[in-house]
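The values are calculated or read from the model by the stated rules, or taken from the named source; none is laboratory data. Please read all numbers here as calculations on a predicted model, not as lab measurements. Virtual Cβ from ideal backbone geometry, glycine too; neighbours counted across all protein chains shown. Just the protein is used for accessible areas: all its heavy atoms, side chains included, with ligands, DNA and RNA removed. Shrake-Rupley method; radii C 1.70, N 1.55, O 1.52, S 1.80 Å.
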Amino acid sequence: MFVTIVLDGVGIGAQPDSHQYGDEDADTLGHVCAAARPALPHLAALGLGRIAHLEGIEPVRDPSAAYGKMQEASAGKDSTTGHWELAGICLAEPFPTYPNGFPDELIDRFLEVTGCSGVLGNRVASGTAVIQDLGEEHEQTGFPIVYTSVDSVFQVAAHKDVIPLDRLYDICRRTREQICVGKHDVGRVIARPFTGSAGGYERVSGERKDYSRIPPAVPVQQVLQRAGVRTVAVGKIGDLFAGVGFDDMQKTASNAEGVEVTLQRMRGGRGRTFIWTNLVDFDQEYGHRNDPVGFARALEAFDAAVPSLLEALPSGGRLVITADHGNDPTTPGTDHSREYVPLLVYGGSSGHDLGVRASFIDHAASVAAYFDVAFDETLDAGARPF
C-alpha cells in the first residue's frame, strides 16, 4: 500500500523563481510557525524540522521518515498544476487567468449556453466575501454569481434555494464543455453552492463540485490502474483529474473527514492499493483567509492524527506527506504562493535526507517504482524515485 497525503497549500519557502509570481517573501510553514507556534511533535519526529528552520519545531537527530522538499517545475501555482505534476505531468505553459474578470464574449457565450438571464460579479474575488457582497442581489435577481481568482478558475456561486444544486451542476458542466474551451480552457470550473440569509451566507463545501480539464497525458494513477493496482482518491483529488485513473473516489468536507476516510481506506485495503488524499482546509479555510492562527491549529489537528495513520499503514507500506503549492496567510493578498513543498516519506529507509527534488514528478516515479510498474513519462522527464 502506498498512501500520499497532500496538505493543500502548505509550502515550505519561496522557490528561486518565486519573484516571477510576486511571491519572493512567501514561506507558509516558516511564517505560520513564527506567528502562531503550532505544536507538531509527530511531524517533527518524522523529520519536518530537518527540512527547513521552523520556529518551535525541533530538528530531531534520528527522524523516523526520509525527508526533503520538492520544487515545482511546471508553470503556475494552482492545485491542478501541482497535482498533475505530482502525477507525472509537467506543464510548460500556465492555464489562462483573468485578473480583470472574464471578457464580454465569454460572458455572452455563458448566457447563451446556460440560459441564464444575467450574471453578478465577474471579478477576481474571495469566495466567502463575494457571496456576502452579492448574495442578497442574487436572491432578488436569480442571476448566478460568477467570479475568478488569480488561479485559472471559472467559479459559479448560487444559493441552493435560488438555483437548485442539479441546475448549478448543469450550468457548470455546460461551461466546462462548451464555454471554457480553446484559449479559455481554464484549469477548473467550480460549482459553489451556498445557503443562509443576508449577512450570514455560508458555502456548502461538501457539495462543491470541480469540473477539471482532462489531463493532457497519462497520469501515474491511470498507469497503476491498468496494471491492476486499486486506486483511491480522497477529497478533491478525483475532481482535479476529472476522475481519470481512479477506481474509487470519495469527496470530503473537511480535513477531519479526509483523515477519517483515509484511515478507513487504509484499514480496509487489500492487496496493491494506492490512496491519494487531499486535505484542503489549510488552503481553503486559512491560507486564502489570511488566518495564520487557524492554519496553525489545523496543522496541530493533522499532527495529532499522524500516529493513527502510521499505525494503519501495513507492513512494507509507504506514507508520503507533501503539498501542492504554498498559501502563506501572513503575506498581503489571498493568493497561492510559489513555494517548495515539504516531503516526508515513512516506510523503507528512515532518517535519509532526500535533498531538494527538481520536480514534483519524483513522486509519480516513486509510486510507480513501489508497485514495480513502468512509467516512461516520469523517466523521460528525468524523475528520480525517492
Task: Between 0 and 90°, nearest 10: helix 127-141 axis offset from the chain longest Cα axis - done: 20
TODO: With a 10 Å radius around each residue's Cβ, average the other Cβ atoms per peptide and rank 41-48, 235-242, highest first.
DONE: 235-242, 41-48
Open item on the list: Sequence gap of 8 or more, or different chains, plus Cα separation below 22 Å: how many lysine pairs satisfy both in the chain?
Closed with: 10
Task: Helix axis angle, 255-268 relative to the chain longest principal axis, alpha carbon, degrees - done: 50
TODO: Please name whichever of Gly82, Ala39, Gly101 sits farthest to the positive end of the charge dipole of segment 1-146, dipole taken about the Cα centre and charges placed at Cβ: Lys and Arg +1, Asp and Glu -1.
DONE: Ala39
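Carbon-plus-sulfur fraction of the accessible area of the chain, 1.4 Å probe, in percent?
Numbers: 6780 of 14610 Å².
Summing carbon and sulfur atoms, their accessible area is 46 percent of the total for the chain.
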Open item on the list: Given a 1.4 angstrom probe, what's the average accessible area per residue across the chain, in square angstrom?
Closed with: 38
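Given Cα positions, please report Rg to Rh for the chain, the hydrodynamic radius being the Kirkwood one.
On the way: Rg = 20.3 Å, Rh = 21.1 Å.
Expressed as Rg/Rh, it is 0.96.
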Open item on the list: Checking the a/c ratio against 1.5 first, then a/b against b/c, what shape does the Cα gyration tensor give for segment 154-272?
Closed with: oblate
Task: Relative contact order (percent, whole number), the chain, Cα cutoff 8 Å, 6+ residue spacing - done: 31
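In deg cm²/dmol, rounded to 500, what helix-only [θ] at 222 nm does the chain give when every DSSP H run of at least 4 residues adds -39500 (n - 2.57) and the total is split over its residues? Walk me through the intermediate numbers first.
Numbers: 13 runs with 124 residues, N = 386.
Result for the chain: -9500 deg cm²/dmol, rounded to the nearest 500.
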Task: Quarter of the Cα convex hull surface for segment 278-358, i.e. its orientation-mean projected area (nm²) - done: 6.2
Open item on the list: Could you tell me the center-to-center distance, by alpha carbons, between segment 151-180 and segment 82-148 in angstrom?
Closed with: 9
Open item on the list: I need to check one value: relative contact order of segment 1-72, counting alpha carbon pairs closer than 8 Å and at least 6 residues apart, in percent.
Closed with: 24
TODO: Give the shape of segment 185-250 as rounded, prolate or oblate, defined through the alpha-carbon gyration tensor: a ≥ b ≥ c are the square roots of its eigenvalues, a/c under 1.5 means rounded, and otherwise the shape is prolate if a/b is larger than b/c and oblate if not.
DONE: oblate
Task: Formal net charge of residues neighbouring Glu112 (Cβ-Cβ distance under 12 Å; K, R +1; D, E -1) - done: 0
